[in-house]
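Since the structure comes first, as structure tokens, the remarks are kept for the end.
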Amino acid sequence: MSSLIVKNVFRIILLILVQVLIFKQVNLGGPDFNYFQIMIYPLAILLLPIDVPKPLVLLIAFAIGMIVDIFYDSPGLHAASLVFMAFLRPVVLRMLMPDTGYVKNSYPVASMFGLVWYLQYSGILLLAFFLAYFSLEAFTPIYFGSILLKTLLSFLVSFVTIILHQIIINPKS
Amino acid sequence: MQNLLRFIFRYSHFFTFVILEAICIYFLVSYNTSQKEIFIYSSNLVTGKIYNTVDEIRDYAQLERVNDSIIRENARLKAALLTLSADSTLPDLSITNYKVIPSRVINNNILGRNNMMTIDQGSDAGIQPSMGLIEDGGIVGIVKDVSQNYATAYSILNASLMISAKIDRNDHFGSLIWPAEDIRYMELTSVPKHAEVRLGDTVTTTAYSAVFPPDIPIGIIEEVDLEPGRSDFSIRVKLFNDLSRIDVVYAVRAETTPERTEIENRMEDE
């Protein structure tokens, strides 16, 4: 149990560092097309064990979001989007529940539920995250078109990154 | 009471969500106005230190380019000095003395709509809020918050910023804004319809705002548009400098700024 906590805390710190020190600098679209943003740190919430109490997931999401915000100079933006995603997590988990239900000590990873399940699970939540993120960044529906475009393009590159992580590292928990 | 507690407990997931989102939105909305969150921004010592370390590593890769630009700037300054001493018979018209503080950009965002940057000099070096940041060949930003050793600044690529600028050839002025599309271009608005605007004209800063010294080149006019029914041009200005690769910047401030701000504020109060 405690080794599980250590593992998750370690993973969270590592993901935040990779996000703010590496992926923050990546600009795939070139100077005139800032539509691709790679966000990998939502993985920290996606990979939490299913048994973690729901309010605790929200608090963890808030803390991670605020730390990332400090580095992005955008107080509240990442935190709000990540908390929104964490809020939807139990809903998506219920939607994708296998017929037998979730057994105790199960982890939302491809090695346990299959790659198709993981694609659906992480895809829906990541899309929700980006929609919240770019909507809150613009803070007005006037830029609806560019919000949607940014959401889709950033979602695609981040989704590929997150799936690659799942395939290459293939975590058991 | 027990029922109430049970109710709150049962929906604890939802309540936690609402409370946390409320906190986040509060932070988001007070983002541009309050100085209280200075410790949240990256002028905060801890993140400042981390960025500094990363920047030091990155600097080695950029040494050559930085050298080039410093050499170029040196040459230009030397040339300016020579012309100055040649013109020494003229009366001295420069009433204002400028304070110039060199510093380096250690964190620079260009991907968002309201971009910010962090520089590695703070109040100890004499940086003050609302100083202009310029570099060799263009303007860079405006200082927002200052801590002892770091300062945060609005990048000129910040959609909420308006900068006073003019067409150098005929002194028609307007406001320079960033439409949040392309980091190489800004837009000069409110230039009246009767002004003669030519492609290729240089756009420079004006003396109307105390933030930047006058006549600093910003960019050249690349596209002019006059929409029917409008009384002002919308002018696309290509920036001279590339905001995605800035390193050494100079914070400038006219010595007379406090006095000027005071009298301008008094005018607004009345």
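The values are calculated or read from the model by the stated rules, or taken from the named source; none is laboratory data. It should be emphasised that the depicted structure is a prediction, and the values quoted were computed from it without experimental measurement. As a convention, Cβ positions derive from the backbone with ideal geometry for all residues, glycine included, and neighbour counts pool all protein chains shown. Only protein heavy atoms, including side chains, enter the accessible area calculation; ligands, DNA and RNA are left aside. Shrake-Rupley method; radii C 1.70, N 1.55, O 1.52, S 1.80 Å.
What's the buried accessible area, both sides, between A and B using a 1.4 Å probe, rounded to 100 Å²?
Chains A and B together bury roughly 3200 Å² of accessible area.
If you take the alpha carbon radius of gyration of the protein assembly as shown and divide it by 2.2 N^0.38 Å, what ratio comes out, to two decimals?
1.15
Along the three principal axes, how long is chain B when you take its alpha carbons, biggest first, rounded to the nearest angstrom?
Sorted largest first, the three principal extents are 90, 52, 43 Å.
Heavy-atom accessible surface, probe 1.4 Å, ligands and DNA/RNA ignored: which residues of the range A:55-70 lose at least 10 Å² versus the isolated chain?
With the partner chains in place, the range A:55-70 has these residues losing at least 10 Å²: A:Pro55, A:Leu58, A:Leu59, A:Phe62, A:Met66, A:Ile70.
Which one, A:Gly76, A:Ile22, A:Ser106, is farthest towards the positive end of the dipole of chain A when Lys and Arg carry +1 and Asp and Glu -1 on their Cβ?
Positive-most Cα among the choices belongs to A:Ser106.
Please work out the Kirkwood hydrodynamic radius for chain A, using every pair of different C-alpha atoms, and report it in angstroms with one decimal place.
16.5 Å
Please give the helix B:257-269 orientation as an angle from the longest Cα principal axis of chain B, in degrees from 0 to 90, rounded to the nearest 10.
Between the helix axis and the principal axis of chain B, the angle is about 70 degrees.
Of the residues B:Ala195, B:Ala80, B:Ala180, which exhibits the maximal mean-square fluctuation in a Gaussian network model of chain B defined by a 10 Å Cα contact cut-off?
In this elastic network of chain B, the residue with the biggest mean-square fluctuation among B:Ala195, B:Ala80, B:Ala180 is B:Ala80.
Rank by packing, highest mean first: peptides B:159-171, A:5-17, with packing defined as the count of other Cβ atoms within 10 Å averaged across residues.
Top to bottom by mean Cβ count within 10 Å: B:159-171, A:5-17.
With only Lys, Arg, Asp and Glu charged, each at its Cβ (+1 for the first two, -1 for the last two), find how big the charge dipole of the protein assembly as shown is about the Cα centre; round to the nearest 20 debye.
Around 2260 debye, computed over the protein assembly as shown.
Calculate for chain B the 222 nm mean residue ellipticity that helices alone would give, adding -39,500 (n - 2.57) per DSSP H run of length 4 or more and normalising by residue count, nearest 500 deg cm²/dmol.
-10500 deg cm²/dmol
Leaving out ligands, DNA and RNA, and with a 1.4 Å probe, what % of the accessible surface on the protein assembly as shown is carbon or sulfur?
Ligands and nucleic acids excluded, carbon and sulfur give 64 percent.
Tell me the angle of helix A:144-169 to the major Cα principal axis of chain A, expressed in degrees between 0 and 90 and rounded to the nearest ten.
It is inclined by approximately 40 degrees.
With N set to the number of residues, divide the alpha-carbon radius of gyration of the range B:95-181 by 2.2 N^0.38 Å and report two decimals.
1.15
What list of ³J(HN,Hα) values in whole Hz, one per residue of the range B:116-124 in order, does the Karplus curve 6.51 cos²θ - 1.76 cosθ + 1.60 (θ = phi - 60°) give from phi, with Gly and Pro shown as x?
In residue order, the calculated couplings are 10, 9, 10, 10, 9, 10, x, 4, 4 Hz.
Any idea of the accessible area per residue across the protein assembly as shown, 1.4 Å probe, to the nearest Å²?
That works out to 52 Å² for each residue.
Per q in 0.13, 0.14, 0.23, 0.30 1/Å, what log10 I(q)/I(0) does a Debye calculation on the alpha-carbon atoms of the range B:170-221 return?
Cα-only, vacuum Debye calculation for the range B:170-221: -0.32, -0.37, -1.01, -1.40.
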